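Read the structure below first, then the notes.
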Amino acid sequence: MTIVITRRTELLSTAPQVSVDDIEEIVAQGFKTIINNRPDGEGGPSQPANAEIEAAARQHGLQYAYLPVISGQITEAQTAQFAALIASSQAPVLAFCRSGARSNNLFQMASALPAAPAAERTSSLPKAGKNSWKDQHDIVIVGGGSAGIGLAASLLRRQADLQIAIIEPKDKHYYQPAWTLVGAGEFDAKNTERNMADVMPRGVTWIRASVTGFSPEKNQVQIDCGNPITYTNLIVAPGLQLNWDAIPGLQEALGKNGVTSNYRFDLAPYTWSLVQSMKSGKAIFTQPPMPIKCAGAPQKAMYLSCSEWEKQGVLKNIKVEFDNAGGVLFGVPAFVPPLMEYVKRYAIDLQFNAKLISVNGPAKTARFEVKDAEGTVQQIEKSFDMLHVVPPQSAPDFVKNSPLANAEGWVDVDQVTLQHTRHRNIFSLGDACSSPNAKTAAAVRKQIVVVAENLLALRAGRSLQTRYDGYGSCPLTVEKGRIVLAEFGFGGKLLPTFPLNPAIPRASAWLLKKHLLPVVYWELMLKGREWLARPSEQ
């Protein structure tokens, strides 16, 4: 099959996955350099290995570079690296990933960088074989998100002499729970973003690299730019992976054609722009199969949009549809009745067992796989004026394809101690672990205490006494100014923090989410201060 190459400029073209058999044709078309932007193992056993492609490329006299990026998670540092590669490589250059979309996104982002600042940014990045960090640490934490940063701070408050390293490639840290409010015009996006260096706990070694694999039998973590990192104890907390490329056409449509998502920092403001400008037409909100980060977020975006349209007096002119790949509105039955009241109030058309499978942005159509009550599956195409998409989600590929994963790809842990089921010196918390709790920042806040205390107990030779009760919280923003504060644990057990009926929408919960919780996140949780963070006694 002839490889499909898209010319972007005289210097750069992009393509979907390149195979060894494509190299001769690439040479014949005059390319001098290949850049691989797809992480190894992303597509499973069928994906050609980077090393094989590189060997074939160099055998044919091509320059070659490997800069793997995760879909929807391209960092400023990776953008600067890409710009530097383009500037220093022999042209013309062919960049590829799974579909070509990520390489194009990198090119677009790199094109927006001033040349001099880009060079300055890349000059400070670690190079393979020239690392400034040690290769041995007491505790290695994979992931610089809320779980990794919060846990490191918590451990150091308990035992200040621990040698802790955090492996994290990104240079920005985000308070993601506020993106729902950004998409409703109630929060400034820039206040959800900080430099990773500014939130890294003092005394922690920041290994600015991407994890490529684990060797638990050697107590080592493999990274993409240097020697393996050896640990006494390992914490796996990389978050989950947003699989934008799993829906054909979605990557190309995002940020234009009325297609948006509050699950991305750069797109949440576009959601608000669409809501403001929409006066009539059809708005579709989607939810993929579980598990996902914050199961209530797909419908939060919908309720807040409807609330604004209601306020503007245009809701009656807008047909709102919720296409949910699952079979229920919310997984905890106690909160379904109050949510249904808002579904009726906003005249939302609920479509269950309807999974988004493709998007055509220019045509403003979306295709769904719909299963009826008899189990018959058919594909239905729907037109839209606004489409809010929540992408399918999974554990990161380097976790799914590792010896730490369970059959579903998540880090295999005991759900109450959060210790790995097979490797006693490994723990996991946050979105990537297998514990069957809601994947929310509120869950992480409780899990941090469990892992910190159990890890230190293990190191001291004591039994693991601190138990996780499955706590998670989902502040369901049903209208501007009111929230149903859903707090629950394993099995849907209600675990309210305050002595109030949690199923009633409250203005106090809105004030909590909008004004208090961001302060709790930045000033308490990420700094090891554990206010109301201890799991309930079982």
Subject >> Among (1) of a type outside the set (Val, Ile, Thr); (2) at pLDDT 95 or above; (3) open to solvent by 30 Å² or more (accessible area, probe 1.4 Å); (4) over 22 Å from residue 392 (Cα atoms), the one test that residue 351 misses >> reply: (4)
**OP:** Could you list all residues from the stretch 137-175 that are among the small types (Gly, Ala, Ser) and surrounded by fewer than 19 Cβ atoms within 10 Å (Cβ to Cβ)?
**Re:** 160
**OP:** State the number of residues belonging to the stretch 329-348 that are in contact (Cβ under 8 Å) with a residue 40 or more places away in the chain, open to solvent by 20 Å² or more (accessible area, probe 1.4 Å) and under 19 Å from residue 292 (Cα atoms).
**Re:** 2
Subject >> Any hit, the stretch 459-471, residues being touching a Gly at 6+ places or on another chain (Cβ under 9 Å), crowded, with 23+ Cβ neighbours inside 10 Å, modelled with pLDDT of 95 or more and among the acidic types (Asp, Glu) >> reply: no
**OP:** Among the residues of the stretch 95-122, count how many are at pLDDT below 85, in a loop (DSSP other than H, G, I, E, B) and out of contact with any helix residue (DSSP H, G or I) (no Cβ under 7 Å at 6 or more places or on another chain).
**Re:** 2
Original post:
Which one of these does residue 481 not meet: (1) surrounded by fewer than 18 Cβ atoms within 10 Å (Cβ to Cβ); (2) at pLDDT below 95; (3) more than 21 Å from residue 235 (Cβ to Cβ)?
Top reply: (2)
Original post:
Taking only pairs six or more apart or across chains, which ones have beta-carbon atoms under 9 Å, a first residue in the stretch 395-406 that is farther than 16 Å from residue 71 by Cβ and open to solvent by 10 Å² or more (accessible area, probe 1.4 Å), and a second residue that is polar (S, T, N, Q) and in a loop (DSSP other than H, G, I, E, B)?
Top reply: 405/434; 406/421; 406/434
Subject >> Pairs where the first residue, in the stretch 210-236, is on the phi < 0 side of the Ramachandran plot and free of Cβ contacts under 8 Å to residues at least 12 places away in the same chain and the second is open to solvent by 50 Å² or more (accessible area, probe 1.4 Å) and outside any loop (DSSP other than H, G, I, E, B), C-beta under 9 Å, 6+ apart >> reply: 222/212
Original post:
When you scan the stretch 82-98, how many residues do you find that are open to solvent by 40 Å² or more (accessible area, probe 1.4 Å) and in contact with a Pro (Cβ under 9 Å, 6 or more places away or on another chain)?
Top reply: 1
**OP:** For residues that are within 28 Å of residue 415 (Cα to Cα) and part of a loop (DSSP other than H, G, I, E, B), scanning just the stretch 501-517, find the one that is most open to solvent (accessible area, probe 1.4 Å).
**Re:** 501
Original post:
Quick one: is residue 73 over 22 Å from residue 395 (Cα atoms) and open to solvent by 20 Å² or more (accessible area, probe 1.4 Å)?
Top reply: no
Subject >> Residue identified as surrounded by 15 or more Cβ atoms within 10 Å (Cβ to Cβ) and out of contact with any Lys or Arg (no Cβ under 7 Å at 6 or more places or on another chain) among 326, 375, 313 >> reply: 326
**OP:** Evaluate the following for residue 285: is it crowded, with 19+ Cβ neighbours inside 10 Å, farther than 30 Å from residue 343 by Cβ and over 16 Å from the mean Cα position of the chain (by Cα)?
**Re:** no
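The values are calculated or read from the model by the stated rules, or taken from the named source; none is laboratory data. Computed from a prediction, not measured in an experiment: that's the story for all the values here. Cβ: placed from backbone, ideal geometry, glycine included. Neighbour counts: every protein chain shown. To get the accessible areas, we keep the full protein, side chains included, count just its heavy atoms, and leave off ligands, DNA and RNA. Shrake-Rupley method; radii C 1.70, N 1.55, O 1.52, S 1.80 Å.
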